[in-house]
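The values are calculated or read from the model by the stated rules, or taken from the named source; none is laboratory data. If you're wondering where the values come from, they're calculated on a predicted model, not measured in any experiment. A quick note on method: Cβ atoms are made from the backbone with ideal geometry, for glycine too, and the neighbour counts reach across all protein chains shown. All accessible areas refer to the heavy atoms of the entire protein, side chains included, with ligands and DNA or RNA removed. Shrake-Rupley method; radii C 1.70, N 1.55, O 1.52, S 1.80 Å.
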Amino acid sequence: MSALPVDRPIMSHESSDFPPASPTHPALGTPTPKRRRRWWVYVLWVFGSLMVLGIALFVSAILYWNSLVKKYTTTTAKALPQIELTDDQFTELQERWQSYALLFIRREGPIPPFELSGEELNLFARRFGPFRKHAYAEILDTRLRLQFSVPLDESGNPSLKGRFLNGIATFNPEYKDGRLRLKLVTAEANNKAIPRWILSRLQSFNWAEALNRRPEFDLAIRAMDRIELQTDKIILYPAPVGPMSPP
């Protein structure tokens with residue numbers, strides 16, 4: 001008998017554990033990479049965003065500025081108490097200060113305090129103060145009170161033409177390290193408290209610094225011991241006889 005042929009299993013693609021290799025076709029090759037944006041697209045996007053932001057800030061600043069002008073300024077000046085200033089009055093006050101300042105500077109013996117009335121303070125302020133004829137000072141128990149009405153035409157800003165800054169400010173005078181200091185405490189304009197950020201900025205200034213630098217006041221100020229305020233009176237006390245405070 002002839003041996004019966006052994007049936008060999010027929011391997012087919014359907015029964016194989018491994019999928020057949022897919023034929024490579026030019027149309028089925030590596031997928032086309034995504035197209036990258038050029039660098040200038042991002043530059044234009046950033047530049048455009050910054051420009052829009054800048055325009056928004058500029059418009060906001062204009063609107064805020066206009067609101068400040070409308071809220072804190074007026075079209076009329078405020079009537080201030082009048083001080084009848086004559087050249088003779090000022091000359092007399094100036095000579096009295098100069099002769100007294102020599103006592104401060106020479107320091108040859110005991111020196112009495114120097115008193116300055118409210119009227120005399122305004123005489124000085126009309127010639128040397130930053131507001132000149134646009135303010136009136138009052139001497140209170142512990143502070144100086146300043147009423148002001150400042151025309152804003154000279155600022156050169158068209159939005160301020162014909163406007164006035166009318167208000168009241170209080171200052172705290174003190175003497176420290178050989179210098180006279182005048183610090184702003186409160187301020188209002190058009191009967192409204194000024195914004196906090198503006199007040200903080202103004203409080204960082206020494207409003208008496210210009211007075212410290214004037215030759216006719218500098219040496220005498222550095223020879224002082226302290227300053228005292230009474231109702232309608234400022235009293236300057238000289239330091240004891242000895243070396244002056246360094247400049």
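Table: residues versus (1) modelled with pLDDT under 90; (2) out of contact with any Gly (no Cβ under 7 Å at 6 or more places or on another chain).
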residue	(1), (2)
ILE139	no, no
LEU152	yes, yes
ASN157	yes, yes
LYS176	yes, yes
SER200	no, yes
LEU211	yes, yes
By residue number, the members of the range 181-198 that are open to solvent by less than 30 Å² (accessible area, probe 1.4 Å), modelled with pLDDT of 90 or more and over 20 Å from PRO151 (Cα atoms) are LEU184
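THR86 - would you say it is of a type outside the set (Asp, Glu), open to solvent by less than 70 Å² (accessible area, probe 1.4 Å) and at pLDDT below 80?
Yes.
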Name, by its number, the condition in (1) surrounded by fewer than 13 Cβ atoms within 10 Å (Cβ to Cβ); (2) farther than 19 Å from PHE104 by Cα that does not hold for PRO215.
(2)
Going through SER155, SER204, SER149, SER159 one at a time, which residue ends up being open to solvent by 80 Å² or more (accessible area, probe 1.4 Å) and polar (S, T, N, Q)?
SER204
Which of the numbered conditions does ALA223 fail, given that it passes all the others? Conditions: (1) of a type in the set (Gly, Ala, Ser); (2) under 21 Å from the mean Cα position of the chain (by Cα); (3) more than 30 Å from LYS78 (Cα to Cα).
(2)
What single numbered condition from (1) more than 26 Å from ARG143 (Cβ to Cβ); (2) of a type in the set (S, T, N, Q); (3) touching a residue at least 24 places away in the same chain (Cβ under 8 Å) fails to hold for SER117?
(1)
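Restricting to the range 162-180, name every residue that is among the polar types (S, T, N, Q) and surrounded by fewer than 19 Cβ atoms within 10 Å (Cβ to Cβ).
Pass one, the range 162-180, residues among the polar types (S, T, N, Q): 166, 170, 172.
Those that are among the polar types (S, T, N, Q) and surrounded by fewer than 19 Cβ atoms within 10 Å (Cβ to Cβ): THR170, ASN172.
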Can you find a residue that is part of a helix (DSSP H, G or I), modelled with pLDDT under 75 and over 31 Å from the mean Cα position of the chain (by Cα) anywhere in the range 105-128?
yes
